[in-house]
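Asks: Starting off with a structure, shown below.
The values are calculated or read from the model by the stated rules, or taken from the named source; none is laboratory data. As the structure is a computational prediction, the values presented were derived from the model and not from experiment. FYI the Cβ positions are ideal-geometry reconstructions off the backbone, even for glycines, and counts take in every protein chain you see. Surface accessibility is based on the protein's heavy atoms, side chains included, excluding ligands, DNA and RNA. Shrake-Rupley method; radii C 1.70, N 1.55, O 1.52, S 1.80 Å.
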Amino acid sequence: MFASGLVIIQRAKGIQTFAGQLKNLVDRRNTSRMASNSPPLSDMRRAYNSTNQFFDEADLVSKEPFGNFRHWFEAASKQSSILEPNSMALATATKDGKPSVRMVLLKEFNENGFKFFTNFCSRKGKELTENPRASLLFFWEPLHRQVRIEGTVTELSEEEATNYFRTRPRMSQIGANVSNQSDVVKDRSVLEAKRLALLEEYGETKSIPKPQHWGGYLLKPHSMEFWQGQTDRLHDRIVFRRLLPNEVVDPNVTKAGTDGWFYERLYP
């Protein structure tokens with residue numbers, strides 16, 4: 001009896017092993033089938049505008065970049081499929097040229113430049129301290145448009161940063177005080193503990209102070225490029241830029257705008 005029971009157990013273990021191997025084989029086949037249903041990266045492309053929907057110099061609403069940016073930004077803001085038209089990629093670099101990029105939110109723009117806020121001790125904050133040059137990129141996919149902006153960056157005043165900080169949602173104010181942005185943290189529980197401690201300290205009505213390590217920047221552009229996609233990949237690119245010192249230009253291709261700006265069309 002004991003030997004028979006042992007045989008039955010061994011057979012059962014063998015069946016379980018076979019069942020496990022069969023399941024793994026089926027899972028691998030399903031994964032392979034799912035992967036085969038995805039088009040290869042080389043085939044992933046979308047149709048953009050037709051050739052009669054091009055973006056030309058005649059479509060500029062002003063002969064300086066800020067009016068054109070406002071025109072495109074307002075169009076993006078009216079698109080329900082664009083959830084955050086003010087989201088932008090911010091590229092910075094160390095003084096020796098090592099780049100990094102991340103998404104941030106634009107909070108104001110005018111003829112002086114583009115404003116955003118962050119933690120000065122973050123990676124981007126440290127890089128902007130040692131190399132105060134940066135690039136912004138807005139991409140509004142449903143409109144097949146993007147705007148690339150390059151320029152120099154300066155810190156906003158403490159007063160302006162504080163005034164903006166007070167307009168932020170209360171939980172965002174708490175978050176700014178909790179986070180030592182870009183530093184290593186053991187786990188999520190550390191953040192939660194700090195957040196709960198601050199919520200207990202300030203309650204629902206007590207004013208939450210702006211951290212000294214938190215503030216704003218102004219990017220003052222020297223170049224702004226407006227890009228509109230075309231299905232035939234002959235994309236439209238019009239760039240506004242400041243001239244370099246002592247630069248001589250061909251007026252047939254580099255045209256004088258207003259407020260010291262020049263604009264030209266670029267090859268796609």
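Asks: Please express the Cα-Cα pair-distance distribution P(r) of the range 194-268 as a list of whole percents, one per 10 Å bin, running from 0 to the bin with the greatest distance.
Replies: Per 10 Å bin, starting at zero, the Cα-Cα P(r) for the range 194-268 comes out as 14, 27, 16, 11, 15, 15, 2 percent.
Asks: With springs only between Cα atoms under 10 Å, which of Leu41, Leu234, Leu90 fluctuates most in a Gaussian network model of the chain?
Replies: Leu41
Asks: Next question, about the same structure. How far is the Cα center of the range 165-187 from the Cα center of the range 207-268, in Å?
Replies: Taking the Cα centre of the range 207-268 as reference, the centre of the range 165-187 is 32 Å away.
Asks: Sticking with this structure for a sec: With a cut-off of at most 10 other beta carbons within 10 Å, and DSSP calling the residue loop, which GluC sites (Glu not before Pro) in the range 171-268 qualify? Please list them.
Replies: Listed in order of number, the matching sites are Glu204, Glu247.
Asks: Consider just the alpha-carbon atoms of the chain and return their Rg together with their Dmax, both in angstrom.
Replies: For the chain, the Cα radius of gyration and maximum Cα-Cα distance read 27.6, 103 Å.
Asks: Considering the Cα trace of the range 35-188, what is its radius of gyration and what is Dmax, both in angstroms?
Replies: In order Rg, Dmax, the Cα atoms of the range 35-188 give 18.8, 57 Å.
Asks: About the Cα centre of the chain, how large is the charge dipole given +1 on each Lys and Arg Cβ and -1 on each Asp and Glu Cβ? Please answer in debye to the nearest 20.
Replies: For this selection, approximately 1480 debye.
Asks: For the range 141-229, build the convex hull from the C-alpha positions and give me its volume per residue in Å³.
Replies: Residue-normalised Cα hull volume stands at 168 Å³.
Asks: GNM, the chain, Cα, under 10 Å: largest mean-square fluctuation among Ser223, Ser189, Ser179?
Replies: It is Ser189.
Asks: Apply the Karplus parameterisation 6.51 cos²θ - 1.76 cosθ + 1.60, with θ equal to phi minus 60°, to every residue of the range 97-106 and state each ³J(HN,Hα) to the nearest whole Hz, in sequence, with x for glycine and proline.
Replies: Values, residue by residue: x, 7, x, 8, 8, 7, 8, 9, 10, 6 Hz.
Asks: Which of His71, Ser42, Ser122 sits farthest toward the positive end of the charge dipole of the chain, with +1 on the Cβ of Lys and Arg and -1 on the Cβ of Asp and Glu?
Replies: About the Cα centre, the residue reaching furthest to the positive side is Ser42.
Asks: Using a 1.4 angstrom probe, figure out how much accessible area the chain has per residue, in square angstrom, rounded to the nearest whole.
Replies: That works out to 64 Å² for each residue.
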